[in-house]
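All remarks here apply to the structure that follows.
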Amino acid sequence: MTSHSNLSALRTQLSRSGLDGFILATGDEHITEFPAPYSKRLAWLSGFSGSTASVAVLPNKAAIFVDSRYTESVRHQVDGRDWTHEDVSVTTIGSWLAKNAVGMRIGYDPKLYTRTAISTIREKLADGAELVPLPENPVDPLWAEQPDRPTSLAFVQPVELSGKSSADKRRDVAEWLTATAADAFVLVALDSIAWLLNIRGSDINMVPFCYSFAICHKDGTADLFVDPRKIDESVRQHLGNSVRLQSYESFYRSIEGMGGKTVSVDPNFTPEAIFTALEAGGATVRNDRDPTMLPKATKNPVEIEGMRQAHIRDGAALTRFLRWFETEAPHGKLTELSAAAKLSQFRRETENYHSLSFEPISCADANAAMPHYRATPETDAPIGPGSIYLVDSGGQYPDGTTDVCRTVSVGPASAAFRDRFTRVLKGYIALQLTTFAPGTLGSRLDAIARVPLWEAGIECPHGIGHGVGHFLNVHEGPAYFLAYPRPDEEPVAAGMILSNEPGYYRPGEYGIRTENLMVVVERPIEGGDRIMLGFEAISLAPIALDLVDASLLTDIEIAWLDGYHAEVRELLGPLLSPEERTWLAEQTVPVRSFGQAEMASSAVQA
């Protein structure tokens with residue numbers, strides 16, 4: 001079936017059920033950004049493959065809502081004859097329904113929407129339309145080839161890599177529950193459960209999760225609701241007697257039996273259906289932030305060292321790819337997909353590789369102007385002389401998660417392009433070198449990376465950065481570099497790892513993005529009254545010096561770039577072949593001598 005016929009089938013199903021419409025968001029019962037294939041209902045319905053979107057379907061119209069990352073790609077993937085494409089920063093799904101669904105009954109799956117999200121939509125509707133929670137998702141009976149929920153084995157994340165035992169983490173949660181007079185906390189987010197219990201899984205292709213729910217109790221014990229086929233003896237022994245195993249399907253029945261207890265939940269990450277089940281069973285439901293969120297985001301020394309080591313190995317893989325690309329791309333035989341496949345091959349050959357952390361964003365020329373473009377066989381663009389190529393990619397390793405982006409050209413680039421590339425680099429360096437006070441929100445730091453772009457009359461259409469988990473989600477809260485504050489935002493704190501990824505995108509022509517991950521470190525100030533915070537880059541790969549206009553860089557910026565490249569040579573060199581080390585040395589010479597080194601290299605080749 002096509003997305004057009006899928007949409008027609010859904011409308012018929014809704015009509016039979018006495019509904020006028022239906023709303024649906026990406027994600028699963030755990031509000032996962034990159035869910036397993038069984039829950040990609042929105043993609044089945046609309047054809048959209050991005051990680052974040054929502055749709056509204058009415059009898060005679062339908063709309064898809066995306067953020068700035070996807071405003072270009074949604075037009076290529078989702079048929080404009082069936083759907084209107086809405087920028088969520090301009091038109092929210094609630095405001096669209098308030099205008100277009102007056103007097104209608106609109107169904108939704110309460111297991112896929114948080115209470116916060118549904119409350120926000122209801123506020124927009126007022127008395128204009130009725131939101132109806134449904135016992136079954138109407139897409140599921142229509143999706144004949146819907147995959148099953150995965151049943152891969154869970155495995156242990158040893159304390160040698162996690163830096164803290166599960167028992168100690170559960171004890172911290174128990175102390176918090178006691179201090180706040182709650183009996184239990186319901187954990188829904190898969191990364192929170194994985195972090196708390198020091199387990200991982202392979203249920204989802206790009207993130208090491210095991211589908212499960214958990215309830216943490218004030219006595220330090222926990223209930224883990226998981227398919228028993230996922231748990232072998234090693235995991236059972238690791239969890240011990242303090243973690244009771246129950247079936248995944250019994251979760252909702254179990255929370256309905258928590259009557260008389262004070263149960264804490266995070267409304268930003270807990271589906272509406274969980275609130276309903278707890279309230280129906282007579283529990284007192286209290287809204288709190290997930291108590292694992294900040295400890296998970298604030299990495300301990302073992303996790304930080306693991307992240308550094310993972311980035312060294314991953315950086316060597318990316319460097320091998322960049323050298324290979326420089327050799328092969330001028331022949332004009334590469335495409336976006338073949339280049340991404342080669343990069344993934346280099347990663348798979350890396351020691352301790354587990355998986356990719358997301359599908360590579362491999363894009364050339366006009367496709368690179370879409371920040372989160374995904375190449376498909378239909379859109380797979382050729383790469384050859386004159387191309388601008390952007391590749392954003394990462395890997396999952398037991399000791400860390402990586403996310404890095406580089407932009408290169410095949411042959412000389414124009415002066416105008418080099419200007420824009422350098423403005424983006426200046427923005428990156430500005431944030432990298434920032435010193436700031438503890439308690440500062442990332443939304444207050446975001447503009448620092450934008451100033452060099454603003455000075456040239458250009459803008460970055462997306463947030464400058466996000467948190468990254470330790471062998472967990474590649475996108476992690478609660479700290480972000482965004483142009484506006486988020487309700488769940490917390491200050492940037494020592495031990496957090498965040499991306500720094502300013503970009504510039506010229507529609508129809510090219511895209512530029514430079515990204516490294518940075519760890520937040522304490523920065524003593526001589527003569528100061530208090531310790532400040534700053535950043536250290538942990539991603540390691542050469543930045544294309546042939547695209548840098550050195551005349552636009554200050555002495556401080558040049559010193560940073562030279563120092564960064566010296567570190568890249570030092571740390572990656574031992575993992576590279578002699579030929580690869582020679583190439584890397586040529587790519588990381590001091591900025592002011594790059595032109596002379598390039599001419600000398602050309603003379604030797606001649």
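A few notes on this one:
- You will find that of A550, A537, A541, the residue that is under 31 Å from the mean Cα position of the chain (by Cα) and farther than 19 Å from F321 by Cα is A537 and no other.
- Against the list (1) assigned to a helix (DSSP H, G or I); (2) over 15 Å from I538 (Cβ atoms); (3) open to solvent by less than 10 Å² (accessible area, probe 1.4 Å), the condition L322 fails is (3).
- Restricting attention to segment 451-484, the residues that are among the charged types (D, E, K, R) and under 21 Å from the mean Cα position of the chain (by Cα) add up to 1.
- The set of residues from segment 217-249 being within 23 Å of V265 (Cα to Cα), of a type outside the set (A, V, I, L, M, F, W, C) and touching a strand residue (DSSP E or B) at 6+ places or on another chain (Cβ under 9 Å) comprises H217, K218, T221, D223, D227, S242, R244, Q246, S247, Y248, E249.
- For segment 469-491, filtering for residues that are surrounded by fewer than 20 Cβ atoms within 10 Å (Cβ to Cβ) and hydroxyl-bearing (S, T, Y) leaves 1.
- Filtering segment 94-107 to residues that are open to solvent by less than 10 Å² (accessible area, probe 1.4 Å), over 12 Å from L134 (Cα atoms) and either part of a loop (DSSP other than H, G, I, E, B) or of a type in the set (V, I, T) (or both) leaves only A101.
- Some residue of segment 108-116 being among the aromatic types (F, W, Y) and either open to solvent by 60 Å² or more (accessible area, probe 1.4 Å) or not in a strand (DSSP E or B) (or both): yes
- Considering segment 370-414, the residues that are assigned to a strand (DSSP E or B) and of a type in the set (S, T, Y) include one that is farthest from the chain's Cα centre (by Cα), namely S409.
- All positions within segment 24-35 that are open to solvent by less than 10 Å² (accessible area, probe 1.4 Å), modelled with pLDDT of 95 or more and not acidic (D, E): L24, H30
- Scanning segment 13-23 for residues that are open to solvent by 50 Å² or more (accessible area, probe 1.4 Å) and not in a loop (DSSP other than H, G, I, E, B), we see that the one that is nearest to T52 (Cα to Cα) is S15.
- Near pairs, Cβ below 8 angstrom, 6+ apart or cross-chain, from segment 545-573 (over 22 Å from V410 (Cβ atoms)) to any residue that is acidic (D, E) and open to solvent by less than 40 Å² (accessible area, probe 1.4 Å): L552/D419
- Scanning segment 254-287 for residues that are open to solvent by 20 Å² or more (accessible area, probe 1.4 Å) and within 19 Å of I193 (Cβ to Cβ), we see that the one that is farthest from the chain's Cα centre (by Cα) is S254.
- Pairs linking a residue in segment 341-359 that is within 13 Å of T401 (Cα to Cα) to a residue that is open to solvent by 50 Å² or more (accessible area, probe 1.4 Å), with Cβ atoms under 7 Å and 6 or more positions apart or on different chains, are R347/Y353; S355/N205.
- Every listed requirement among (1) in contact with a His (Cβ under 9 Å, 6 or more places away or on another chain); (2) of a type outside the set (V, I, T); (3) open to solvent by 10 Å² or more (accessible area, probe 1.4 Å) is met by Y353 save one, (1).
- Test result for Y510, of a type in the set (F, W, Y), over 19 Å from D403 (Cβ atoms) and over 19 Å from the mean Cα position of the chain (by Cα): yes
- A Cβ distance below 7 Å, combined with a sequence gap of six or more or placement on separate chains, defines the contacts here; from segment 525-537, residues that are closer than 23 Å to V404 by Cα reach residues that are open to solvent by 80 Å² or more (accessible area, probe 1.4 Å) in the pairs L533/E522.
- Looking across segment 445-459 at every residue that is within 21 Å of A537 (Cβ to Cβ) and out of contact with any Leu (no Cβ under 6 Å at 6 or more places or on another chain), the one that is most open to solvent (accessible area, probe 1.4 Å) is identified as V451.
- Selection count where residues are over 26 Å from P267 (Cβ atoms) and either surrounded by fewer than 16 Cβ atoms within 10 Å (Cβ to Cβ) or in contact with a Cys (Cβ under 8 Å, 6 or more places away or on another chain) (or both), scope segment 177-200: 1
- Condition check for A174: open to solvent by less than 60 Å² (accessible area, probe 1.4 Å), in contact with a Leu (Cβ under 6 Å, 6 or more places away or on another chain) and touching a residue at least 12 places away in the same chain (Cβ under 8 Å): no
Residue-by-condition table, conditions (1) open to solvent by less than 10 Å² (accessible area, probe 1.4 Å); (2) of a type in the set (A, V, I, L, M):
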position: G467; (1), (2): yes, no
position: A493; (1), (2): no, yes
position: S499; (1), (2): yes, no
position: P507; (1), (2): no, no
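- Annotation note: of W176, W143, the sole residue that is of a type in the set (F, W, Y) and over 22 Å from V243 (Cα atoms) is W143.
- Scanning segment 295-311 for residues that are open to solvent by less than 60 Å² (accessible area, probe 1.4 Å) and either of a type in the set (S, T, N, Q) or at positive phi (or both) returns T298, N300.
- Qualifying residue in segment 514-522 (condition: within 20 Å of the chain's Cα centre (by Cα), open to solvent by 50 Å² or more (accessible area, probe 1.4 Å) and aliphatic (A, V, I, L, M)): no
- Condition broken by H76, with the remaining ones in (1) modelled with pLDDT of 95 or more; (2) open to solvent by 10 Å² or more (accessible area, probe 1.4 Å); (3) not in a loop (DSSP other than H, G, I, E, B) satisfied: (1)
The values are calculated or read from the model by the stated rules, or taken from the named source; none is laboratory data. Because the structure is a prediction, the values reported are computed rather than measured. Cβ atoms come from the backbone with ideal geometry, glycine included; neighbour counts cover every protein chain shown. Each accessible area value is taken on the protein alone, full model and side chains, heavy atoms only, with ligands, DNA and RNA left out. Shrake-Rupley method; radii C 1.70, N 1.55, O 1.52, S 1.80 Å.
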